[in-house]
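Enquirer: Dumping the structure here so I can ask a few things about it.
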Amino acid sequence: MATTVNKIKNADFSRGAKTPTSWTWSGSPSGASWERTPATKTAKAIMSLDCTRPSGRALWSQTVVCKPDEYYRIDAVVAADATVADVRGGVVIVIEALEDGEVVDTRSTPGIHRALTPETVRAFYLVPEGVRRLKISVGLVEAFGKAELHAVRFIEMIEPDELSHPLAVPPPPHEVPAPLLAKSVCVCSVTAADRRVARLLAQALGERRVSSVAPAAFKPTTASSDAILFPDDTLPRSIRSVSTLAKLAEDRIVIVSLPAFCAIAGDDVSFRRVEQTDDPINGKIMWGCYASRGFALHDVFPHAWAGKAEASYAHHQFRGGKKFKEFCKKNKFEVFLDAMCDKESTSDQPMALYRETSSGALFVLDIEPVEAVGTTMNEPAIAMHLLLSVLGHSQHNLGQFASPTYEEKNLRDSIREMAVRIEAIHVLDEDLPSDQITEQLVTIGSEDQSFGLPLETKPVILVRSGLQSGDAEAIHGAWTWFKQLVRPAPFTCPYGEAIASAFRFAWIPSMAPLDQRAGLIRTNRDPIAEMAIDTDDGELAMMIDLVSRPRNRVRVCFSEHSDEFERYATQLPQLFAAFRPGNYFMPTVGPGGDFGDRSAYEWQFAQTPIEVVVDSESFDAPEYAQLRDTNVGLVRIEVPGCDADFAACSIHRTDVAATALEHVIGLQYGLIGVNRTKSRIRYDGFAPIKPGDAIIARTDGTAILQTSATAS
């Protein structure tokens, strides 16, 4: 187990008569200053920074001893109100890896330029081989304005447990329906009126649909809500057995906390409270059901709340064992989530249960992770996704949970593995070990086949992602779309064969070297040399660059005005509105908002507008020059991306990226729209599209032909 001691000395800047001890100041030659507010009996010390000139710099730095090839968590509690030029400006944590006194690696968190109340900036860092010193700096860079530093933490940890399975292709959401959609929810708690979960659900579902009741007044025989939450440590006196609880859940969804459940389950079922300071506590999906939509089996994600110690995590878990397993089998419970902690004794232990009922479901699940105050990694977003899924609210369409790998060789291995698992996928790369690969090309079909049929000469659509190192939204968004395109039976892509009859597809997953992400901003290292694309089987028809930008919007850019641009400008917003990404309730900024403005974050349904523009400057790079005088369509899709919180928001972000890619490519074919919702969709000129169906229209002169198929 790693030590839980904060390796930062004088972490709150309170010690030192004239200047804070253990810290070194560096600021712009003029216009940068600091002031320390001493601690009092009721308040902690505050370090205030002020940059009075544009592009100012005001940093406090400290060098710490570290271990090579080990993971560390770096936190800084900050506030800010500054003007910046780009995403790199604002309050940041800067990490410089030192070897023999020389800087061998520099990483930074995304800048926060506005946070009117203290926010915790968080990042994880894997120390490079041979490095034993890190210089940690915190403060303002490239900014004009003020900031506050409240505390800094540098904590050794074991290898992070957070994990996704990018090669998994979970069933489409409509194929795993919920037993019911909870349109009304009752929160039964002694503090229901003050519980954050009640306020959040009221905001998500509507004030009239969320009620509260005191445990003393609750009666199972008169309960009428579609879902009932029992978040307290004890249940109402009217519920004294598991059978009574299960009966209540026969025609509704019931969620009960672990302590409350253990109080009525008998001697064979008990729980313990686990608290740890170094690693985050995570949950692992152990049972695939309607509530796990958007996840793959064994995905691991943050699921805990604040512990008693500063910056610690806490959660409840069952004490597993033979008697517990016998209890679950007898009472028809499945383990829904396992705990992943920093010790073997507390890892792989059950932390949530699921029981299917005739017309509802019973979950043993703590809801405190939803109520927790998150960091810049936005941990409550993934907890709320899980809770709303439990309540039957399908949120995702194409999106899938993704946790970017720390090392590039893991990405390259996964891309290679696609060709092993999926017959239609063919991967071209150098015949080298995965840690030496710099170029990969994925095609649909082998060199002489496409979807198992003999390959005919046809135009090629090339998708490029990872143009910037660490652009996880683009890589995983494109990955999501390509996976569903070749999805195996029984949930085959409804338009797969149709679109493959018109085009051949190629994908370069990562043009630039991969950065470790984990709350750190991408380094913008130059893309690798462009791989030569063999188009002997057909001329290049369109090249699509998928990139992410730190704004909540989709921006589709063309290199010039043309009839093609006009058609996209007219039809793409209509398609995106009708066949939109899923419906996600999460802490985020509003439409078009800046992810660097933490004060703009609010719990809301994510709304991502789309615009189609001509932006010739996006195509100034040399690789576009040889294509400008050809008939190749050049398109750049900019999707929302925030380097701080991709994993927690990955189901939403990959949904947006994959949906945008689907529509852009669909319009090249003619028109494609897939109904992945529970309601009929009306689209101008077509009969209503039923849930699970799709429109696949091929433009033939002025005629549009319509077909339908089961959606994936």
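Enquirer: Run the accessible area of the stretch 381-443 with a 1.4 Å probe and give the carbon-and-sulfur part as a rounded percent.
Expert: 44
Enquirer: Continuing with the same structure: Leaving out ligands, DNA and RNA, and with a 1.4 Å probe, what % of the accessible surface on the stretch 40-131 is carbon or sulfur?
Expert: 50
Enquirer: With both partners inside the chain, how many of the DSSP beta bridges are antiparallel, as a percent to the nearest 5?
Expert: Counting only bridges with both partners in the chain, antiparallel ones make up about 75 percent.
Enquirer: Within the chain, which whole H helices from DSSP have a Cα span along their axis of at least 24 Å and a mean Kyte-Doolittle hydropathy of -0.5 or more, if any?
Expert: The qualifying helices are 650-669.
Enquirer: Around Leu520, which amide H atoms from residues at least 5 apart in sequence, or from another chain, sit under 5 Å from its own amide H, with H modelled in the peptide plane?
Expert: Counting only residues 5 or more places away or on other chains, the set is Phe124.
Enquirer: Please get the size of the charge dipole for the stretch 91-198, origin at its Cα centre, with Cβ charges of +1 on Lys and Arg and -1 on Asp and Glu, quoted in debye to the nearest 20.
Expert: 680
Enquirer: For the stretch 286-377, what % of the accessible area comes from carbon and sulfur atoms, probe 1.4 Å?
Expert: Roughly 51 percent, rounded to a whole number.
Enquirer: Next question, about the same structure. Among rounded, prolate and oblate, which fits the stretch 215-280 when a ≥ b ≥ c are the square roots of the eigenvalues of its C-alpha gyration tensor, a/c under 1.5 means rounded, and a/b larger than b/c means prolate?
Expert: prolate
Enquirer: I've got another one for you. Solvent-accessible area per residue for the chain at a 1.4 Å probe radius, Å²?
Expert: 41
Enquirer: Treating only the Cβ of Lys, Arg, Asp and Glu as charged (+1, +1, -1, -1), what charge dipole size does the chain show about its Cα centre? Round to the nearest 20 debye.
Expert: So the magnitude is around 3560 debye.
Enquirer: Sticking with this structure for a sec: Once every DSSP H run of n ≥ 4 in the chain is given -39500 (n - 2.57) and the sum is divided by its residues, what mean residue ellipticity at 222 nm do you get, rounded to the nearest 500 deg cm²/dmol?
Expert: The helix-only estimate for the chain comes to -5500 deg cm²/dmol at 222 nm.
Enquirer: List the trypsin sites (Lys or Arg not before Pro) within the stretch 197-268 that DSSP assigns to loop and that have no more than 11 neighbouring Cβ atoms inside 10 Å.
Expert: Arg237
Enquirer: A further question on this structure: Is the shape of the chain rounded, prolate or oblate, going by the alpha carbon gyration tensor and its root eigenvalues a ≥ b ≥ c, with a/c under 1.5 for rounded and a/b larger than b/c for prolate?
Expert: Judged from the Cα gyration tensor, the chain comes out oblate (a/c at least 1.5, b/c at or above a/b).
Enquirer: If you don't mind, there's one more thing I want to ask. When a/c reaches 1.5 or more, the comparison of a/b and b/c decides; with that in mind, is the stretch 562-712 rounded, prolate or oblate per its Cα gyration tensor?
Expert: Oblate shape, in that a/c is at least 1.5 and b/c is the bigger or equal ratio.
Enquirer: Determine the distance separating the Cα centre of the stretch 465-501 from the Cα centre of the stretch 622-667; give it in Å without decimals.
Expert: Comparing the Cα centres of the stretch 465-501 and the stretch 622-667, I get a distance of 12 Å.
Enquirer: Just to check I understand the Karplus step: with θ = phi - 60° and J = 6.51 cos²θ - 1.76 cosθ + 1.60, what whole-Hz values come out for the stretch 673-688, glycine and proline as x?
Expert: In residue order, the calculated couplings are x, 10, 8, 9, 9, 9, 10, 5, 10, 9, 9, 3, x, 10, 5, x Hz.
Enquirer: By accessible area of protein heavy atoms, probe 1.4 Å, what ranking do Thr109, Thr608, Thr523, Thr24 get, highest first?
Expert: Heavy-atom accessible area, descending, gives Thr24, Thr523, Thr608, Thr109.
Enquirer: Which of Val556, Phe13, Leu572 sits closest to the plus end of the dipole of the chain, meaning its Cα is farthest towards the positive end, when Lys and Arg get +1 and Asp and Glu get -1 on the C-beta?
Expert: Phe13
Enquirer: Over the chain, what is the mean sequence separation of C-alpha contacts under 8 Å (at least six apart), divided by residue count, expressed as relative contact order in percent?
Expert: Relative contact order comes out at 12 percent.
Enquirer: Leaving ligands, DNA and RNA out of it, work out the accessible area of Glu142 with a 1.4 Å probe and give it in Å² to the nearest 10.
Expert: About 100 Å², rounded to the nearest 10.
Enquirer: In whole Hz, with x marking every Gly and Pro, tabulate ³J(HN,Hα) for the stretch 242-247 from phi via Karplus 6.51 cos²θ - 1.76 cosθ + 1.60, θ = phi - 60°.
Expert: 5, 5, 5, 5, 5, 5
Enquirer: Report the one residue of Ala263, Ala694, Thr37 whose Cα lies farthest in the direction of the positive end of the charge dipole of the chain (charges on C-beta: Lys and Arg +1, Asp and Glu -1; origin at the Cα centre).
Expert: Checked the options; the winner is Ala263.
Enquirer: Hey, another quick one. Which FRET efficiency value, to the nearest 0.05, do you get for Asn10 and Lys308 by plugging their Cβ-Cβ distance into 1/(1 + (r/R0)^6) with R0 = 22 Å?
Expert: Calculated transfer efficiency: 0.40.
Enquirer: Can you compute 3J(HN,Hα) from phi for each residue in the stretch 170-177, using the Karplus curve 6.51 cos²θ - 1.76 cosθ + 1.60 with θ = phi - 60°, rounded to whole Hz and x for Gly and Pro?
Expert: Here the 3J(HN,Hα) series is x, x, x, x, 6, 8, 10, x Hz.
Enquirer: Could you size up the charge dipole of the stretch 192-264 around its Cα centre, putting +1 on the beta carbon of Lys and Arg and -1 on that of Asp and Glu, and report it in debye to the nearest 20?
Expert: 100
Enquirer: Which Cα, out of Ser137, Leu149, Ala168, lies furthest along the positive dipole direction of the stretch 132-202 (beta carbon charges, K/R +1, D/E -1)?
Expert: Leu149
Enquirer: Additional query: Would you mind checking Lys219/Lys690; Lys183/Lys690; Lys322/Lys343; Lys9/Lys146 for any pair whose Cα atoms are more than 28 angstrom apart?
Expert: Lys219/Lys690
Enquirer: Skipping prolines and chain starts, which residues have an amide H placed within reach, meaning under 5 Å, of the one on Arg133, given they are 5 or more residues away or on another chain?
Expert: Hits under the 5 Å cutoff: Cys66, Leu98.
Enquirer: Given H placed on each backbone N at 1.01 Å, which residues far from Gly360 in sequence or on other chains put an amide H within less than 5 Å of it?
Expert: Arg252
The values are calculated or read from the model by the stated rules, or taken from the named source; none is laboratory data. In this text the structure is predicted, and so the values were computed from the model without any measurement. Quick reminder, even Gly has a Cβ in these numbers, built from the backbone with ideal geometry, and neighbours come from all protein chains shown. Calculation scope for accessible area: heavy atoms of the full protein, side chains included, ligands and nucleic acids excluded. Shrake-Rupley method; radii C 1.70, N 1.55, O 1.52, S 1.80 Å.
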